[in-house]
Amino acid sequence: MSRPVLVRREQALRGGQPLSFAIGLVVALTIGIVLLLGAGHDPVAIYERMFVAALGDPDSWSVTLNRAVPLGLAGLAVAVAGSMGLWNIGAEGQILAGAMMAAGVARIGEGWPGPVLVTAILVGGVVGGSLWALGPAVARSQIGVNEILTTLMLNEVALRLVQWLIHGPWKDPDSFNFPLAPMIPDHGRLPTLFGRAHVGVIVALVVIALFAVAVNRTAWGFELRVAGSSGATARYAGISLERKTATVLVMAGGVAGLAGGIELAGTADRLTEGISNGFGYAGIIVAALALMRPSGVAAVAVLFGAVQIGGQSIQTMGVSSSVSTILQALILFGAIGAGVLSRYQVRMVPGDPGDPGDPGGDGVQVGEAT
Amino acid sequence: MNEASLIGLCAATVSFGALLYLAALGEMVSEKAGILNLGVEGMMAMGAVTGFMTALEFGNPWLALAVAVMAGALTALLHGWFTVVLGAEQVVSGLSLTILGLGLAAYLGKNAVGRPPGAVLAPVDWPVLSDIRWLGPVLFQQSPMVYLSVLAGVVVWFVLSRTRTGLALRAAGESASTADAAGHSVVGLRLAAVAVGGGLAGASGAYLPLSLTPQWAEGITAGRGWIAVALVIFGAWKPGRVALGALLFGGTLALKTRLQTFGVDFSPILLSMLPYLLTIGVLVVISIRARNRPSPAPASLGIAYRREER
């Protein structure tokens, strides 16, 4: 009797992550076809519509790029912390906190000139996001509180804070009692580049590029990565883990908060409950697909932006926009699976098929024997 | 505030408490074996949609519950396959599971929005007990799900702390290599724990459309999966304490819609932050105390086990 086990390859297959990503995409689209057929839809027509709506002409590109902004910044917020081995699950809350602070600035600065107000709104976003990450950052660095759980819990708190603001203190008196915050002043909106694409696209790209350089090419980034791979080594090298942990988490919060400011002034125009429509959580997938490397975040974000915008467009065809949600999660699962297979190979070994065993472990036994 | 509304509040506290307890108990089993599953919200949504659809199709609430448990377990096993077998990051896989579950549930339930339920789990009428003043309406006129959640709690407590299987499962979560050396299959134990956790989350999800809010709506789980994750920490990974926490957090959910009835001038939205803030408080306390005594969290929680890297 023989059975298949996973054996670690001596060297990962060439092509690596882009290949895994492509395989993930193919897997997701294939499962998507099955789902669409199951509900009696025409998958080809639907995928074509998604593609055209997201990437068909400059106008659709502009919408896709706008969507890629919060996804990319949220992905960066996760990846920066991830470079140091920290989990920032709080991008969703940090985006909301950024949007709240930015909306507060827009209320105060109504009379300021346009460029000043726009800048102040974006800075407000950064400050709001940083403040939201400050608690988890201090708790983690000073007393070792698990940042996964604190940042996660604060997402739900931030969401309720936004709800409270728009149901209460910030409710627009002219909204006929609907829970709506007032629109921000026209001169506080982000200038557009082409189509509907706004300046936020450039801001996000610059921020991502800066962090990519900082993490990959500077001493600061090197220390960060050392601390991420081994705390003991970092200590031995004289790197202050406490300080670095706190700074990195607060910076990550600021990056996500910037996305909140950009969303407010770029697309939403008012503070709403759905201003971060799961961008923070999608950002975690984006960062994971970019292998926690800031440099890879932008490309993944554009693809996810396209999937989301495409997903919105098929609602008019009577198809639930949740198709795009499903596709995003499936891309990740497909890519993880492909990523593992690029590091392992399936081999048949003699063995007792009745023993469920540990495939990875058994693989190594074989590896040692060969 | 009158007697009837106070009884209503207590009864709703127990109902919501049971809802949270089922999901939190499942998450606890999974974490006890060392697997953090942040997909609770997604598994609950899958349980809710499959339960509601089965009830629509077959009109049998018990069959609906069984299907929901299966759906929750199968959804969880996707996480299990990726994290236990392939050793993927548990945080990423779990959050993706939430996204996938919410998306699939919305997709599958699209045509069920607004339809009346095919079947509901009728409240149990206990002889004599149900008629007791106060206690009757609060404890003995509840949905069968409430009594099932108590039963599940007792079973989980017994298996975890009084059986060899439970010992092996906890060993897999505390020190996977020790469990492995003792001849247990870490992969098998962890997969089983993840599946049980998913089944309980599925049951919790089905509780919503089968009894608590008898209809299907996208987003029916409304973030309660996150409260379940919080509860496990709040209850320090102990079935009894998690139950107390479930009543406390269930109380905030029950109170949320009743604040105005009681004439309390406090925002229900702010009240609903309480579970998360309390949990953060508990996390801080655990960390401060961890300097002198071991943390209640399973030591291998969140860490993939690969025998070759032992």
Quiz item: Is it fair to say B:Gly250 is over 19 Å from A:Leu152 (Cβ atoms), surrounded by fewer than 17 Cβ atoms within 10 Å (Cβ to Cβ), in contact (Cβ under 8 Å) with a residue 12 or more places away in the chain and not aromatic (Phe, Trp, Tyr)?
Solution: no
Quiz item: Taking segment B:170-194, which residues are surrounded by 23 or more Cβ atoms within 10 Å (Cβ to Cβ), more than 21 Å from B:Ala243 (Cα to Cα) and at pLDDT 95 or above?
Solution: B:Leu189, B:Arg190
Quiz item: When residues of segment B:290-303 are filtered for being more than 10 Å from chain A (Cβ to nearest Cβ) and surrounded by 14 or more Cβ atoms within 10 Å (Cβ to Cβ), how many remain?
Solution: 4
Quiz item: If you take the residues in segment A:136-181 that are among the small types (Gly, Ala, Ser) and facing chain B (nearest Cβ under 8 Å), which one is surrounded by the fewest Cβ atoms within 10 Å (Cβ to Cβ)?
Solution: A:Gly168
Practice problem: Only one of these is touching a residue at least 40 places away in the same chain (Cβ under 8 Å) and at negative phi: B:Gly153, B:Gly223, B:Gly219, B:Gly166. Name it. | Solution: B:Gly153
Quiz item: Which condition does B:Leu151 not pass, out of (1) closer than 23 Å to B:Met46 by Cβ; (2) surrounded by 15 or more Cβ atoms within 10 Å (Cβ to Cβ), if it passes all the others?
Solution: (2)
Quiz item: Among the residues of segment B:119-130, is there at least one that is surrounded by fewer than 17 Cβ atoms within 10 Å (Cβ to Cβ) and in a helix (DSSP H, G or I)?
Solution: yes
Practice problem: Test each condition in (1) among the β-branched types (Val, Ile, Thr); (2) more than 12 Å from chain A (Cβ to nearest Cβ); (3) part of a helix (DSSP H, G or I) for B:Ile220 and report the one that comes out false. | Solution: (3)
Quiz item: Which of the residues that make up segment A:100-141 are over 13 Å from A:Leu249 (Cα atoms), among the polar types (S, T, N, Q) and in contact (Cβ under 8 Å) with a residue 12 or more places away in the chain?
Solution: none
Quiz item: From the set of residues in segment B:31-53 that are within 11 Å of chain A (Cβ to nearest Cβ) and within 26 Å of B:Leu160 (Cβ to Cβ), which is surrounded by the most Cβ atoms within 10 Å (Cβ to Cβ)?
Solution: B:Gly39
Quiz item: Given the conditions (1) under 26 Å from A:Pro136 (Cβ atoms); (2) assigned to a helix (DSSP H, G or I); (3) in contact (Cβ under 8 Å) with a residue 24 or more places away in the chain, which single one is not true for A:Ser342?
Solution: (1)
Quiz item: When only residues in segment B:68-89 that are within 27 Å of A:Ser321 (Cα to Cα), under 18 Å from the mean Cα position of the chain (by Cα) and of a type outside the set (A, V, I, L, M) count, which is nearest to the other protein chains (Cβ to nearest Cβ)?
Solution: B:His79
Quiz item: Looking at segment B:263-285, which of the residues that are among the hydroxyl-bearing types (Ser, Thr, Tyr) and under 19 Å from the mean Cα position of the chain (by Cα) is surrounded by the fewest Cβ atoms within 10 Å (Cβ to Cβ)?
Solution: B:Ser272
Quiz item: So which residues in segment A:118-134 are surrounded by fewer than 22 Cβ atoms within 10 Å (Cβ to Cβ) and either within 17 Å of A:Pro191 (Cβ to Cβ) or within 14 Å of chain B (Cβ to nearest Cβ) (or both), if there are any at all?
Solution: A:Thr119, A:Ala120, A:Val123, A:Leu134
Quiz item: Restricting attention to segment A:242-301, which residues are of a type in the set (S, T, N, Q), in a loop (DSSP other than H, G, I, E, B) and in contact (Cβ under 8 Å) with a residue 40 or more places away in the chain?
Solution: A:Thr272, A:Ser276
Quiz item: If B:Leu65 passes every condition in (1) away from every other protein chain (no Cβ under 14 Å); (2) of a type outside the set (Phe, Trp, Tyr); (3) surrounded by fewer than 24 Cβ atoms within 10 Å (Cβ to Cβ); (4) assigned to a helix (DSSP H, G or I) but one, which one does it miss?
Solution: (3)
Self-check item: Per-region count, segment A:294-319, residues at pLDDT below 90 and surrounded by fewer than 21 Cβ atoms within 10 Å (Cβ to Cβ)
Solution: 5
Quiz item: Could you list, in sequence order, the residues of segment B:267-289 that are at the interface with chain A (Cβ under 7 Å from one of its Cβ atoms) and either touching a strand residue (DSSP E or B) at 6+ places or on another chain (Cβ under 8 Å) or of a type in the set (Gly, Ala, Ser) (or both)?
Solution: B:Ser267, B:Ser272, B:Ser287
Quiz item: Checking A:Leu258 against (1) within 22 Å of A:Tyr47 (Cα to Cα); (2) crowded, with 23+ Cβ neighbours inside 10 Å; (3) not β-branched (Val, Ile, Thr), which single condition isn't satisfied?
Solution: (1)
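Residue-by-condition table, conditions (1) in contact with a helix residue (DSSP H, G or I) (Cβ under 8 Å, 6 or more places away or on another chain); (2) not in a helix (DSSP H, G or I):
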position	(1), (2)
B:Arg258	yes, yes
B:Ile269	yes, no
B:Tyr276	yes, no
B:Ser287	yes, no
B:Arg293	no, yes
B:Pro296	yes, yes
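The values are calculated or read from the model by the stated rules, or taken from the named source; none is laboratory data. Since the structure is predicted, the reported quantities are computational estimates derived from the model, not experimental observations. All Cβ positions, glycine included, derive from the backbone under ideal geometry; neighbour counts span all protein chains shown.
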